[in-house]
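Right, one structure below, let's go through it.
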Amino acid sequence: MDDRLTQSSKFLSYVLRHNPDALNLDLDPGGWADVETLIEQARAEGRSLSRSRIKHLIAAGEKTRFTLSDDESKIRANYGHSIAVDLDLTPTAPPPELYHGTAEAALPSIRSEGLHPQSRQYVHLSPTPEEAESVGRRHGTPVVLRIKAPALSEAGFTLYRSTETVWLTRHVPARFLQVPG
């Protein structure tokens, strides 16, 4: 993704996941925003945003961060919210293993408390160790944790598949983690 698209993606992530008030944008309970209002408000703030740029950003993104409604009149972030939204996700049986990328510095608390969503609504899990390592690299020296996903699910922890590369759950207790070292 080129720098302008990356900047637009970060901006949309900020507005749609964390601070719609930055553009006086109203999100419905599912996190959906009106596309035309988003474009108008962004332009009023000096941001170059258009319907074609939004579509290109969605198509170019490897993580499917955003979704347009069927009629393309609304947009929302698919995951990563720190504000309360109801993504209306369906509980899904997990694959045999999922992974979580984190920084080495976080391991002591993870070993004792497991994974918590921190400032987000959900803990984000990856379907491959490579995806998890990529996530962990953003936070420091990466460490990939293996999640005993079927056991987690059988113990009553609900898992959701948000996108091809992101699974969500509210908490992963330490007993369901395989932590290296």
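Structure notes:
- Residues of the range 24-41 that turn out to be touching a residue at least 24 places away in the same chain (Cβ under 8 Å) and more than 22 Å from the chain's Cα centre (by Cα), as a count: 1
- Residue in the range 129-139 that is in contact (Cβ under 8 Å) with a residue 60 or more places away in the chain, outside the structural domain of Thr64 (by TED's automatic domain parsing), in contact with a strand residue (DSSP E or B) (Cβ under 6 Å, 6 or more places away or on another chain) and within 30 Å of Asn19 (Cβ to Cβ) present: no
- The set of residues from the range 37-75 being of a type in the set (A, V, I, L, M) and surrounded by 14 or more Cβ atoms within 10 Å (Cβ to Cβ) comprises Leu38, Ile39, Ala42, Leu49, Ile54, Leu57, Ile58, Leu68, Ile75.
- Flag if Ser69 is modelled with pLDDT under 95 and of a type outside the set (D, E, K, R): no
- Of the residues in the range 76-94, not one is loosely packed, with under 13 Cβ neighbours inside 10 Å, closer than 30 Å to Gly114 by Cα and among the basic types (Lys, Arg).
- In the range 157-171, residue farthest from Ser134 (Cα to Cα) [restricted to those that are of a type in the set (A, V, I, L, M, F, W, C) and over 11 Å from the mean Cα position of the chain (by Cα)]: Phe157
- Within the range 107-145, considering residues that are within 19 Å of the chain's Cα centre (by Cα) and aliphatic (A, V, I, L, M), the one surrounded by the most Cβ atoms within 10 Å (Cβ to Cβ): Leu125
- In the range 49-104, counting only strands (runs of 3 or more DSSP E) that sit wholly within it, the ones holding 3 or more residues that are under 24 Å from Phe157 (Cα atoms) and without any contact (Cβ under 8 Å) to a residue 60 or more places away in the chain span 98-103.
- Positions within the range 108-128 being of a type in the set (A, V, I, L, M) and either assigned to a loop (DSSP other than H, G, I, E, B) or touching a strand residue (DSSP E or B) at 6+ places or on another chain (Cβ under 6 Å) (or both), in sequence order: Leu115, Val123, Leu125
- Candidates are the residues of the range 1-26 that are part of a loop (DSSP other than H, G, I, E, B) and charged (D, E, K, R); the one that is farthest from Asn78 (Cα to Cα) is Asp2.
- Residue count for the range 1-32 under the criterion of being under 18 Å from Ser162 (Cβ atoms), out of contact with any His (no Cβ under 9 Å at 6 or more places or on another chain) and of a type in the set (Gly, Ala, Ser): the result is 3.
The values are calculated or read from the model by the stated rules, or taken from the named source; none is laboratory data. Everything numeric here is computed off the predicted structure, so don't read it as measured data. Virtual Cβ from ideal backbone geometry, glycine too; neighbours counted across all protein chains shown.
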